[in-house]
1. Mind checking the full-extension length gain between S87 and E302? Use 0.36 nm per residue of separation minus the Cα-Cα distance, one decimal, nm.
2. Please give the solvent-accessible surface of F101 in Å², to the nearest 10, using a probe radius of 1.4 Å with every protein chain present.
3. How do V220, V376 rank by accessible surface area computed with a 1.4 Å probe, from largest to smallest?
4. Suppose accessible area is computed on protein heavy atoms with a 1.4 Å probe; arrange D269, D99 from highest to lowest.
5. Can you check what the net charge comes to around L69, using other residues whose Cβ is under 12 Å from the Cβ of L69 (Lys, Arg +1; Asp, Glu -1)?
6. Which one, P116, V89, A337, is farthest towards the positive end of the dipole of the chain when Lys and Arg carry +1 and Asp and Glu -1 on their Cβ?
7. What whole-number value in Å² describes the accessible area per residue of the chain for a 1.4 Å probe?
8. In angstroms, what radius of gyration and Dmax does region 8-150 have, counting Cα atoms only?
Amino acid sequence: MAAGSIGVFATDEKIGSLLDQSITRHFLTNVTDQHGKITAEYVWIGGSMHDMRSKSRTLASVPTKPEDLPHWNYDGSSTGQAPGHDSEVYLIPRTIFKDPFRGGDNILVMCDCYEPPKVNPDGTLAAPKPIPTNTRAACADVMEKAKKEEPWFGIEQEYTLLNAITKWPLGWPKGGYPAPQGPYYCSAGAGVAIGRDVAEVHYRLCLNAGVNISGVNAEVLPSQWEYQVGPCEGISMGDHMWMSRYIMYRVCEMFNVEVSFDPKPIPGDWNGSGGHCNYSTKATRTAPDGWKVIQEHCAKLEARHAVHIAAYGEGNERRLTGKHETSSMNDFSWGVANRGCSIRVGRMVPVDKCGYYEDRRPASNLDPYVVTRLIVETTVLL
Ligand code: ADP
Ligand code: MN
Ligand code: MN
Ligand code: MN
Ligand code: MN
């Protein structure tokens, strides 16, 4: 089939689960009695700081808050997070979600990672020390300091679906290209809305889990999608975002499709993937001074542009070229309703004299703990 036509699916590689999921469905639907016990899937971020890991344990009762859950540990030498001779990494439960895969009272638990607890000379337990890949601890400190400002975030997560075998975008002609961008964004129809099953199942499961997902849309590159999480206050932005990614990995596993959070999965005249971060504080949300506060924030963000850019995602220089609805990586700019700027302020903000704004610089592979920490540091703590 000719490259350049739409509606082309690569059919010669197997797409779909390697196992017969009707068997799984049969047992998970018909064998449900857990005799009052529940399962907790402890989820954490692995050594690449993009990979997500998890393991399960059975609990005798249903916890109502993270503090009810036991701390746990894992072999950090198997995740690139500890040397083999001293491999224990500790997990501290932070946020509980429902487990939409197992259903019932079963839960998913977002955790972060610490060195094994140490005992002080006086016999008391020392404060746990975050391991180097733990970006949540510093974020939690900053959010605690800025609590009075009530920082809210909404992150737009763009991603691209790849054939797990060829690593080429789902539905693209083998080794070739589909018709140019135009018909795919917010599309409906075979050959244009490619991989909707993944986006739909992920949406429902996030809602069921209690992830604060706020919407989904097909994106500009064929097989690229977006979902938004937020508004979330403070540290919960990172917890909800990371759990939404975990759910995405699990959904893609079932379809045997690969999700790519790479900021520019296909070089050339194809859109990259961003992780726009929408942001407001109590002051920006309050008229009539909110609009003035937003302008002050923009000046502060401009002064720290280089620090932010350096932490906004690996490979972001391949995406922030000034083309494809991006700003150049080297310049800071802000504007009302301008999608070619680093910061876009909503059209109604100067009218309403308050509201939120959008930092368009973060890449799709952003670490939300790092990005939200920096934004709050720069705009309200410095
Ligand atoms: P875009 O027009 O850039 O595509 P989206 O509709 O995809 O924007 O995403 C907007 C995001 O902004 C959503 O995640 C939403 O929850 C978030 N948001 C809405 N209001 C606020 C606010 N006051 N503060 C922070 N984030 C907000
Ligand atoms: Mn073991
Ligand atoms: Mn969007
Ligand atoms: Mn988008
Ligand atoms: Mn956006």
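1. On the way: separation 215, 0.36 × 215 = 77.40 nm, distance 4.19 nm.
Full extension from S87 to E302 adds 73.2 nm.
2. Near enough 40 Å² of accessible area.
3. Details: V220 25, V376 0 Å².
I get V220, V376, largest accessible area first.
4. Solvent-accessible surface, decreasing: D269, D99.
5. Values: positive: R57, K65, R94; negative: E41, E67, D68.
Counting the neighbours of L69, the net charge comes to 0.
6. A337
7. Details: 17570 Å² over 382 residues.
On a per-residue basis, 46 Å².
8. So, for region 8-150, Rg and Dmax equal 19.2, 69 Å respectively.
The values are calculated or read from the model by the stated rules, or taken from the named source; none is laboratory data. All of these numbers come straight from a predicted model, not from anything done at the bench. For neighbour counting, all protein chains shown are included, and Cβ atoms are generated from backbone atoms with ideal geometry for every residue, glycine included. Side chains included, ligands, DNA and RNA excluded: accessible areas come from the protein's heavy atoms. Shrake-Rupley method; radii C 1.70, N 1.55, O 1.52, S 1.80 Å.
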